[in-house]
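The values are calculated or read from the model by the stated rules, or taken from the named source; none is laboratory data. Remember, it's a predicted structure, so these values are computed and weren't measured experimentally. All Cβ positions, glycine included, derive from the backbone under ideal geometry; neighbour counts span all protein chains shown.
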Amino acid sequence: MRLRKAISLLALICCFINAARANPWNGKVVLQGFWWNYWNNNYPNDWATYLADLAPRLRSMGIDAVWVPPTVKNQNATGSVGYAPFDHYDLGDKFQCGSTPTRFGTKDAFLRMVAVLHANGIDVIEDVVWNHLNGAGSENGGAGGLDPSAQGNTQYKNFRYVCYVTPVGDGSAADYGARRGRFPKNWQNFHPNPDHNVEGPDDITASYFGPDICYWSGALGLSSNCSYNPAQSANYMRNGIRDWSIWLKKQTGVDGFRLDAAKHFEPWATQDFLWNLAYNAVFASGSNHMYAVGEYVGSASEIDSWVDAVNASNGGGYDLVGSFDFSLRGALKNMVSSSGSLDLGSLPSAQQNRRSRTAPFVNSHDTFRPVLSANGNYIGWDTGNELGGHIDPFDPRIQAAYAVAMAVDGSPNIFFEDLFDVGGTGRRWTHHPENPTELPARDWLVNLLWCYQKLNFKDGAYLVRWQAADLLIIERSAHAIIGVNDNWNTGQNATVQTAFGPNVQLHDYSGANGDIWTDGSGRATIFVPPCNGTNVRRGYCVWGPAGVNGGFSPPNRSTTQEWEMADDLGDSHPNSLGQGGALPANSTAMRTAGKIFPATGKTVTINTYPQLSSARCELLVFDNSGAQLTNVVGVGNLTLGYAPPDSEYETIKVHYTEATNASQKILVKVNYTAPTSLKPTAASFANLKWLTNGQFQFTLNGGLGLSYLVQASSDLTNWSTITTNTAPFDYTDVTADNPSARFYRGVYSP
């Protein structure tokens with residue numbers, strides 16, 4: 001610029017986090033972060049990284065938590081979507097079943113995803129399958145999986161796993177039967193067995209999905225043909241699943257759980273596992289606020305009874321679990337499919353009574369099975385495999401359905417294909433998740449999310465203010481009024497009492513209407529548009545106190561993950577991640593715990609807890625190139641703290657310093673903060689202009705929803721931060737006219 005001021009605009013990258021409002025259990029907005037048979041060509045067998053790249057957009061929308069699919073290895077490792085578990089202790093780190101990664105990704109990518117979502121203020125809800133296993137046998141046609149002594153519909157009930165001391169061999173029956181990985185299973189661990197000699201037709205013992213786990217005390221025994229055949233004791237499966245669930249929470253740092261097929265195993269087993277996850281997982285204990293939702297398909301009363309049965313089991317007295325509200329969902333499906341003839345006033349009575357922890361939902365991967373064109377667009381529906389039928393996200397009345405799901409009590413669940421259009425763009429498998437053009441979000445659902453979070457729906461008592469055939473009005477006391485109308489071409493209105501008080505200005509944050517005022521008695525007339533598209537919103541409006549604005553920026557969250565170094569975990573095969581294994585006897589050989597992905601300059605704290613307190617060990621950290629970053633040496637528990645110079649994978653290793661020690665297990669626990677994005681966008685500047693009063697103004701652009709510092713300098717050496725905000729934003733420097741020269745740069749900030 002030909003001005004007496006030298007203005008230089010530099011765009012530099014650092015790191016940042018910013019997130020959505022965090023709610024108590026009753027109110028978290030949970031996104032189902034996948035669809036059935038999820039896939040993206042840009043992320044082959046790496047959905048974990050896909051979600052990490054999507055995280056900044058989710059934060060900017062107000063998503064509180066993401067539900068991820070089951071992450072344990074299936075026999076069809078990359079072809080299955082996770083609901084046929086094979087090895088509980090393989091999270092995509094072992095080379096077995098023909099693959100190291102699962103369809104979801106490698107263990108490294110999974111743990112990184114958890115940390116990135118946490119950095120964005122988003123919880124991770126892990127889908128767990130406690131009901132069944134599947135796929136017994138080796139990579140060579142199931143060799144070794146069949147036990148000729150087994151009872152029931154299938155004899156394939158020998159489950160043996162690779163581990164650090166027994167990596168995969170030739171895939172023969174002998175090789176498979178000798179694998180010594182943790183938590184092997186035999187036919188007596190499933191239905192039927194001598195202690196519980198039943199296999200259907202009841203829901204608990206039926207083998208609908210594969211060998212059905214039996215949690216009875218006496219469901220134990222030996223294989224008739226596996227050479228690795230450790231003795232089993234009472235409650236083998238109950239103890240084993242409890243121990244695995246705690247290990248999973250400590251290893252990954254996930255925050256809560258979705259319970260698959262909850263109807264098909266005993267409520268007392270559910271209570272056992274959830275109580276221990278909430279209160280007996282040491283540093284990872286989820287407490288009474290831990291999110292846990294069961295997929296129990298039934299009527300409202302049946303689901304309520306299941307919730308009560310879980311909470312009353314094993315002594316009772318705890319509020320541990322919620323449920324997907326299939327009853328309300330059925331009513332919402334009827335509302336949409338009946339083309340406006342459903343009595344809207346009946347919807348509140350369709351919801352469960354046990355609803356403080358319920359999850360109202362509109363669609364899920366089970367209800368939503370489209371038939372797809374070659375580019376992934378909808379061309380029909382696989383109704384025979386849909387649970388209760390789909391609600392088409394292109395159906396205008398889906399907007400009213402989501403308005404109800406968010407207005408009632410519970411923690412609303414949002415389906416991926418409802419929030420994002422992957423069924424009409426032709427880019428289902430080729431889009432980049434961080435690109436809003438390639439993966440467009442539906443504006444109306446983004447609007448409902450904003451209203452829900454900024455007006456704090458769940459902080460207000462649930463009040464039904466109006467019930468009629470075409471009009472339902474729900475107030476969240478003195479926070480929001482949600483109006484719903486399923487009539488196609490006629491708007492609806494009613495005058496209702498509110499808790500806002502007299503003469504209060506109310507704004508319709510849906511954008512459907514102008515402002516109104518309550519009268520001297522606190523009453524207001526609520527106008528709700530029809531569904532035909534003559535208004536910007538179809539069938540809903542959301543009123544709240546005037547003057548609410550802004551976005552979402554909760555604080556950064558760190559992640560704690562713990563690796564257990566033991567010979568029956570991990571895998572030493574060269575095609576595996578090469579992690580795990582106890583420290584070997586009489587050796588100084590390195591063992592790799594795992595990898596972390598910390599943000600630049602953010603403190604990392606590593607603790608080791610050896611089994612033998614007298615052994616001298618060294619803990620080391622290496623950068624992504626293999627160069628050593630830092631280390632600590634000592635006896636007993638070790639602690640190492642440092643600030644990473646770059647945001648990249650770092651590898652943690654441990655070994656003995658003298659070759660005179662016995663073999664031992666060792667725990668490695670790490671607390672760190674990841675970057676908010678794996679793909680930070682450099683800052684750029686636009687609309688540069690001097691104002692007549694000597695002030696300088698510009699717009700800083702960057703990654704959508706990411707935070708940037710604006711820094712100023714007079715010498716290009718010493719920089720000071722003058723503002724921080726979420727891109728894009730405008731800034732006016734009122735002091736620009738003071739120094740003889742003024743340079744600016746934008747810094748992506750963690």
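Among the residues of this structure, Ile652 does not count as one that is over 29 Å from Pro554 (Cβ atoms) and buried (at least 19 other Cβ atoms within 10 Å of the Cβ).
Contact annotation: residue pairs with Cβ atoms under 8 Å, 6 or more positions apart or on different chains, pairing a residue in region 340-351 that is closer than 13 Å to Ala469 by Cα with a partner that is modelled with pLDDT of 95 or more and among the aromatic types (Phe, Trp, Tyr), are Gly340/Trp488. Listed conditions (1) in contact (Cβ under 8 Å) with a residue 12 or more places away in the chain; (2) out of contact with any Gly (no Cβ under 6 Å at 6 or more places or on another chain); (3) in a loop (DSSP other than H, G, I, E, B); (4) surrounded by fewer than 21 Cβ atoms within 10 Å (Cβ to Cβ) are all met by Val496, apart from (3). Going by the conditions given, is Thr425 among the β-branched types (Val, Ile, Thr), at pLDDT 95 or above, surrounded by fewer than 21 Cβ atoms within 10 Å (Cβ to Cβ) and within 25 Å of Asn535 (Cα to Cα)? In short, yes. Looking at this structure, is Phe86 crowded, with 21+ Cβ neighbours inside 10 Å, over 28 Å from Arg57 (Cα atoms) and in the same structural domain as Arg179 (by TED's automatic domain parsing)? The answer is yes for Phe86. For region 39-57: of the residues being among the hydroxyl-bearing types (Ser, Thr, Tyr) and crowded, with 21+ Cβ neighbours inside 10 Å, which is farthest from Pro433 (Cα to Cα)? So, considering only residues that are among the hydroxyl-bearing types (Ser, Thr, Tyr) and crowded, with 21+ Cβ neighbours inside 10 Å, the one farthest from Pro433 (Cα to Cα) is Thr49.
Which members of region 8-52 meet the condition of being modelled with pLDDT of 50 or more and part of a strand (DSSP E or B)? Within region 8-52, Val30, Leu31, Gln32 meet the criteria.
Gly634 falls short of the stated requirement of being within 15 Å of Ile596 (Cα to Cα) and surrounded by fewer than 16 Cβ atoms within 10 Å (Cβ to Cβ).
Considering region 230-259, the residues that are of a type in the set (S, T, N, Q) and free of Cβ contacts under 8 Å to residues at least 24 places away in the same chain include one that is nearest to Asn276 (Cα to Cα), namely Asn239. Test of understanding: among Ser572, Ser576, Ser587, which residue is in the same structural domain as Leu629 (by TED's automatic domain parsing) and touching a residue at least 24 places away in the same chain (Cβ under 8 Å)? On inspection, the qualifying residue turns out to be Ser587. Restricting to region 205-216, name every residue that is in a loop (DSSP other than H, G, I, E, B) and either basic (Lys, Arg) or surrounded by 15 or more Cβ atoms within 10 Å (Cβ to Cβ) (or both). Those that are in a loop (DSSP other than H, G, I, E, B) and either basic (Lys, Arg) or surrounded by 15 or more Cβ atoms within 10 Å (Cβ to Cβ) (or both): Thr205, Ala206, Ser207, Phe209, Gly210, Pro211, Cys214, Tyr215, Trp216.
Determine which member of the set Gly298, Gly380 is in the same structural domain as Trp39 (by TED's automatic domain parsing), outside any helix (DSSP H, G or I) and at pLDDT 95 or above. Only one candidate passes the filter, namely Gly298.
Screening Leu583 with (1) buried (at least 24 other Cβ atoms within 10 Å of the Cβ); (2) under 26 Å from the mean Cα position of the chain (by Cα) gives one miss only, at (2). Can you spot a residue in region 359-371 that is farther than 30 Å from Asn41 by Cα, crowded, with 22+ Cβ neighbours inside 10 Å and within 23 Å of the chain's Cα centre (by Cα)? For region 359-371, residues farther than 30 Å from Asn41 by Cα, crowded, with 22+ Cβ neighbours inside 10 Å and within 23 Å of the chain's Cα centre (by Cα): present.
Taking the conditions (1) in contact with a Pro (Cβ under 7 Å, 6 or more places away or on another chain); (2) aliphatic (A, V, I, L, M); (3) crowded, with 19+ Cβ neighbours inside 10 Å in turn, Leu320 satisfies each one other than (1). When region 721-750 is filtered for residues that are without any contact (Cβ under 8 Å) to a residue 60 or more places away in the chain and among the hydrophobic types (A, V, I, L, M, F, W, C), the ones remaining, listed by number, are Ile722, Ala727, Phe729, Val734. Ala593 meets each of the listed conditions (1) in the same structural domain as Lys665 (by TED's automatic domain parsing); (2) surrounded by fewer than 22 Cβ atoms within 10 Å (Cβ to Cβ) apart from (2). Filtering region 436-477 to residues that are surrounded by fewer than 20 Cβ atoms within 10 Å (Cβ to Cβ) and in a loop (DSSP other than H, G, I, E, B) leaves Pro436, Thr437, Glu438, Pro440, Arg442, Asn456, Gly460, Ala461, Ala468, Ala469, Ser477.
Checked against the criteria, Asp202 does not count as out of contact with any Pro (no Cβ under 8 Å at 6 or more places or on another chain) and surrounded by 23 or more Cβ atoms within 10 Å (Cβ to Cβ). Just a yes or no: is a residue in region 316-326 under 18 Å from Ile204 (Cα atoms), of a type in the set (Phe, Trp, Tyr) and touching a strand residue (DSSP E or B) at 6+ places or on another chain (Cβ under 7 Å)? No; the residues of region 316-326 include none that is under 18 Å from Ile204 (Cα atoms), of a type in the set (Phe, Trp, Tyr) and touching a strand residue (DSSP E or B) at 6+ places or on another chain (Cβ under 7 Å).
What's the total number of residues in region 306-335 that are part of a helix (DSSP H, G or I) and more than 28 Å from Leu31 (Cβ to Cβ)? Final tally of qualifying residues: 6. The residue of region 372-391 that is surrounded by the most Cβ atoms within 10 Å (Cβ to Cβ), among those that are among the small types (Gly, Ala, Ser) and over 22 Å from Asp325 (Cβ atoms), is Gly376. When you scan region 625-642, do you find a residue that is within 20 Å of Lys107 (Cβ to Cβ) and not in a strand (DSSP E or B), even just one? Yes, that holds for at least one residue. Asn311 falls short on exactly one of the conditions (1) at positive phi; (2) modelled with pLDDT of 95 or more, and that condition is (1).
The sole residue among Ala219, Ala284 that is among the small types (Gly, Ala, Ser) and under 20 Å from the mean Cα position of the chain (by Cα) is Ala284. Taking region 163-177 as the range and being within 27 Å of Asn153 (Cβ to Cβ) and not acidic (Asp, Glu) as the test, the residues that pass are Gly171, Ser172, Ala173, Ala174, Tyr176, Gly177. Quick check on Asp366: is it among the acidic types (Asp, Glu) and closer than 19 Å to Ala261 by Cβ? The answer is yes for Asp366.
In the condition set (1) surrounded by fewer than 19 Cβ atoms within 10 Å (Cβ to Cβ); (2) of a type outside the set (Phe, Trp, Tyr); (3) out of contact with any Pro (no Cβ under 7 Å at 6 or more places or on another chain), Gly746 is compliant with all but (1). Looking at region 164-199, which of its residues are surrounded by 21 or more Cβ atoms within 10 Å (Cβ to Cβ) and within 18 Å of Trp216 (Cβ to Cβ)? The answer is Lys185, Asn186, Trp187, Gln188, Asn189, Phe190, His191, Pro192, Asn193.
Yes/no matrix, rows are residues, columns are (1) in contact with a Lys or Arg (Cβ under 9 Å, 6 or more places away or on another chain); (2) closer than 30 Å to Ile596 by Cβ:
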| position | (1), (2) |
| --- | --- |
| Pro69 | yes, yes |
| Asn74 | yes, yes |
| Pro101 | yes, yes |
| Ile122 | yes, yes |
| Asp127 | yes, yes |
| Ser138 | yes, no |
| Gly152 | no, no |
| Tyr161 | yes, yes |
| Tyr164 | yes, yes |
